[in-house]
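> Dropping the structure in here first, questions after.
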Amino acid sequence: DTAVSQTPKYLVTQMGNDKSIKCEQNLGHDTMYWYKQDSKKFLKIMFSYNNKELIINETVPNRFSPKSPDKAHLNLHINSLELGDSAVYFCASSHTTPIGETQYFGPGTRLLVL
Amino acid sequence: TQLLEQSPQFLSIQEGENLTVYCNSSSVFSSLQWYRQEPGEGPVLLVTVVTGGEVKKLKRLTFQFGDARKDSSLHITAAQPGDTGLYLCAGAPNAGGTSYGKLTFGQGTILTVHP
């Protein structure tokens, strides 16, 4: 009965490699997000998709490319990984409520670039 | 750019003590949310406040939204070790229509409650 799931949970890789993180939600939400949480626990939005359309694209290197094959999935591909990409990446989804959007987060993917 | 200043950054207290976490901004938000994140997991929503001056209670947790909708506080009464975690405030921009979830997060408060 997992709501938002991410794979893998841990990812250790070398600089220069290309890697992907997958996210799926079974909540029937229309909007999905990718966040990056740095070592100081600061959480910052990277991308947002609504009904498979890119809505938010913050200042993120173009080495990061999100892909949403359908409303339930949002994957993140990272090319030419750098040391500074090491962080925890969270996927989230939301529905719109009259009092604002409640976001449901996945468990996170811990990326370590060596 | 809307910024949320959260304080304190770290809080280490004994079981039974009270504490308050603050979230301040110079910007107005349409709503403000509080999340709690435990180690190894994603943030989980605790509450959303929408109306200026609103106060919401969740057991021992009391959340308040400032009258001008620029700041918020989280007060925990008689803290317990189970309250240990990272507390994050997040504001939704004061724009018409849906913001598509463009939340601005505070830096977080790491709370440790010792038995």
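The values are calculated or read from the model by the stated rules, or taken from the named source; none is laboratory data. Keep in mind that this is a model prediction, so the values were computed, not measured. Positions of Cβ are backbone-derived with ideal geometry, glycine not excepted, and every protein chain shown enters the neighbour counts. The accessibility values were calculated without ligands, DNA or RNA, using every heavy atom of the protein model including side chains. Shrake-Rupley method; radii C 1.70, N 1.55, O 1.52, S 1.80 Å.
> Go through A:109, A:96, A:31 for me and flag whichever is under 27 Å from residue B:91 (Cβ atoms), at the interface with chain B (Cβ under 10 Å from one of its Cβ atoms), open to solvent by less than 70 Å² (accessible area, probe 1.4 Å) and not basic (Lys, Arg).
A:31
Each row is one residue, and each column tells you yes or no for (1) modelled with pLDDT of 90 or more; (2) hydrophobic (A, V, I, L, M, F, W, C); (3) open to solvent by less than 10 Å² (accessible area, probe 1.4 Å).
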site: A:43; (1), (2), (3): yes, yes, yes
site: A:51; (1), (2), (3): no, no, no
site: A:60; (1), (2), (3): no, yes, no
site: A:72; (1), (2), (3): yes, yes, no
site: A:89; (1), (2), (3): yes, no, yes
site: A:101; (1), (2), (3): no, no, no
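> Please state which one of A:44, A:36, A:67 is within 19 Å of residue A:6 (Cβ to Cβ), charged (D, E, K, R), out of contact with any Gly (no Cβ under 8 Å at 6 or more places or on another chain) and away from chain B (no Cβ under 14 Å). It would help to see each step written out before you state the result.
On the way: A:44 fails: away from chain B (no Cβ under 14 Å); A:36 fails: away from chain B (no Cβ under 14 Å).
The conditions single out A:67.
> Somewhere in the range B:39-51, is a residue under 15 Å from the mean Cα position of the chain (by Cα), among the hydroxyl-bearing types (Ser, Thr, Tyr) and modelled with pLDDT of 95 or more?
No.
> Further question on the same structure: Considering each of B:66, B:85, B:42, B:52 in turn, give the residue that is at positive phi and free of Cβ contacts under 8 Å to residues at least 60 places away in the same chain.
That would be B:85, the only listed residue that is at positive phi and free of Cβ contacts under 8 Å to residues at least 60 places away in the same chain.
> May I pose another question? Taking only the range B:8-49 into account, find how many residues are within 14 Å of chain A (Cβ to nearest Cβ), over 28 Å from residue A:7 (Cβ atoms) and open to solvent by 50 Å² or more (accessible area, probe 1.4 Å).
Number satisfying all stated conditions: 2.
> Next up: Across the range A:28-74, what is the total count of residues that are touching a Ser or Thr at 6+ places or on another chain (Cβ under 6 Å) and either aliphatic (A, V, I, L, M) or within 17 Å of residue A:88 (Cβ to Cβ) (or both)?
Count: 5.
> A follow-up question, please. Of the residues that make up the range B:92-115, is at least one touching a residue at least 24 places away in the same chain (Cβ under 8 Å), farther than 25 Å from residue A:6 by Cα, open to solvent by 20 Å² or more (accessible area, probe 1.4 Å) and touching a Gly at 6+ places or on another chain (Cβ under 7 Å)?
no
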